[in-house]
Amino acid sequence: MKTVLEPFRIKAVEPFRITTEAERTGLLAEAHHNLFRLRAEDVMIDLLTDSGTGAMSAQQWAAIMTGDESYAGSKSFYELEHVVRELTGYRHVFPVHQGRAAERILFGCAVLPGQAVPNNAHFDTTRANVEYLGAAAVDFVAPQARDLRDAAAWKGDLDVARLAAWLDAQPPGTVPLGLLTITNNRVGGQPVSMQNLRDVSALYRRHGIPFFLDAARFAENAWWIHRLDPEWRDVPLPRIARAMFDLADGCMISAKKDGLVNIGGLLCLNDDALAAKVRNLLILTEGFPTYGGLAGRDLAALAQGLREVLDPDYLHYREASAHYLGEHLDRLGVPVVRPFGLHAVYVDARAMLPQIAPHELPGQALACELYLQGGIRSVEIGTLMFGRTEHGRPVVAEHDLVRLCLPRRVYTQSHVDWVVESFAEVHARRAGLRGLRIVEEAPFLRAFTARLQPVAAPHPALV
Ligand SMILES: *Cc1c(COP(=O)(O)O)cnc(C)c1O
């Protein structure tokens, strides 16, 4: 059988309003061509992010009803602690309200101004939390990640040779901790190999640097290792996950991804002295350490989500969903980034729309057109997000991509077919698409609030 079944039935539905292209034209203009400014109810298929947008299982909803709302020492906390210890092996388990709270608390306890934190690639909030403390966030992206089309596996790896040379050049005591992000979100949800995890771990150990995983998508990374690495083909997924966690001294997890919940996060570690510091800082802003800014019911749903996420049938369906979307776009001639991540498919908008100069935001132009065509919300990962204006001149990003995120257990195959059909229409008229101009932008994180306008004509240099 070729079809990979969604391994669930739908028990509750959330109707959405079917809009017309004429309506969407007005809504897009009102949103100043910035999809973050749209109301979600005006979106039919929302592929903006996979963070906190998944559907919970019947068992998770049942756990919500039995969540213990005691201020201190709730039963739901001890259940969660048990599940997380089984999964990760770490001694200290702190719930937090989401991933960035784990970052802020861990770095707040360990990182000093003038220090530097290495990673395969820092996620936006991770970088921001390092830099906020006056430290440097340094990325060591593997060379194989630079080619968007090359389907080489393990594009999420950290460049160990470069990290080794860099570490040798750092004055002693200036690297308070080392990170590795699994899967590597910044390069398209690409996986990190077990060999790379081992090499990075050994290198940090050799330098006496505590090693933390940024493990938002640990289950998806474990799945790739199972699929692609013969050494792990016959090993159960929980053992693969445990082997990854065993190589590090702790982890930060945004549970809004592989925790299969809509809000939540975890900070886990072994070091008792560090745990004492973390507990104190956590009390200051998140609440008591046995709830960490979450309701008891959130802890209960998270414990159940972590029990479900390493189900091979679920992860196989997840891989099949991304593969289905990616391969169908490829067949239309849409330039897609390879290999496909499990959480998202990325389109190379700069390659698809060569008539639009990078500073006229081909990624945003494509994202807007997809909304007009099909009521689909995607997100530009390119010059609008990472570029800036310096002395009145645009500085463009390395790539202009459009990310199509796949919320967990939310959309069916016909929803994905709708996305593919919308792409077919947009692709057929791609030569007529125009770029966008920023008319108003904030000094940082401009993508969220910028106001944009279509340019009148293609950039003269490209006609
Ligand atoms: C989402 C994410 C975070 C931040 O988590 P939030 O829950 O959004 O605060 C950190 N690192 C990675 C890799 C992520 O994907």
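The values are calculated or read from the model by the stated rules, or taken from the named source; none is laboratory data. All values reported here derive from a predicted model rather than from experimental measurement. Neighbour counts run over all protein chains shown; Cβ positions are idealised from the backbone, glycine included. Note: areas computed on protein heavy atoms with side chains; ligands, DNA, RNA excluded. Shrake-Rupley method; radii C 1.70, N 1.55, O 1.52, S 1.80 Å.
Listing for the model above:
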quantity	calculated
Student exercise, segment 124-274 dipole from Lys, Arg, Asp, Glu Cβ charges, in Debye to nearest 20	280 debye
C-alpha center-to-center spacing [segment 182-214, segment 374-407] in angstrom	27 Å
Note, ³J(HN,Hα) from phi for segment 211-224, Karplus 6.51, -1.76, 1.60, rounded to Hz, x at Gly and Pro	10, 10, 8, 8, 10, 3, 10, 4, 5, 5, 5, 4, 4, 4
D (Stokes-Einstein, µm²/s), Kirkwood Cα radius, segment 44-191, 1.306 mPa s at 10 °C	87 µm²/s
Simple label model, 7 Å out from Cα along Cβ direction - Trp61 to Arg39, nm	2.5 nm
Cα-based reach from Lys75 at 15 Å (exclusive), listing aspartates and glutamates while leaving out same-chain residues under 8 positions away	Asp298
Entries of Lys11/Lys257; Lys11/Lys155; Lys155/Lys277 with Cα pairs more than 28 Å apart	Lys11/Lys155; Lys155/Lys277
Ranked by how many other beta carbons lie within 10 Å on average, peptides 436-444, 399-407 from highest	399-407, 436-444
Stretchable slack from Ala153 to Leu284, in nm (0.36 nm times residue separation minus alpha-carbon distance)	42.9 nm
At R0 = 41 Å, FRET efficiency that the Cβ-Cβ distance of Arg206 and Val455 yields, to 0.05	0.20
Ranked by how many other beta carbons lie within 10 Å on average, peptides 228-237, 312-321 from highest	312-321, 228-237
Between segment 240-291 and segment 48-95, the Cα center-to-center distance that results, in Å	12 Å
Nearest-20 debye value, the chain charge dipole, Cβ charges on Lys, Arg, Asp, Glu	200 debye
Rounded D (µm²/s) - segment 11-112, Kirkwood Rh over Cα pairs, Stokes-Einstein at 37 °C, 0.692 mPa s	181 µm²/s
Of all accessible heavy-atom area on segment 58-308, the percent that carbon and sulfur account for (1.4 Å)	54 percent
When the convex hull of its Cα atoms is projected in every direction, mean area for segment 58-308 (nm²)	13.1 nm²
Cubic angstrom per residue, convex hull over Cα atoms of the chain	153 Å³
Distant-in-sequence amide H partners of Val117 (H built 1.01 Å from N, under 5 Å)	Ala136, Ala137, Val138
³J(HN,Hα), Karplus 6.51/-1.76/1.60, whole Hz, each residue of segment 230-245, x for Gly, Pro	x, 4, 10, 4, 9, 9, x, 4, x, 6, 5, 4, 4, 5, 5, 5
Helix-only [θ]222 nm of the chain, DSSP H runs n ≥ 4, -39500 (n - 2.57) each, per residue, nearest 500	-12000 deg cm²/dmol
Solvent-accessible area per residue, Å², over the chain with all protein chains present [probe radius 1.4 Å]	43 Å²
Rounded to whole Hz, the Karplus (6.51, -1.76, 1.60) HN-Hα couplings of segment 417-424, x for glycine and proline	4, 4, 5, 5, 5, 4, 4, 4
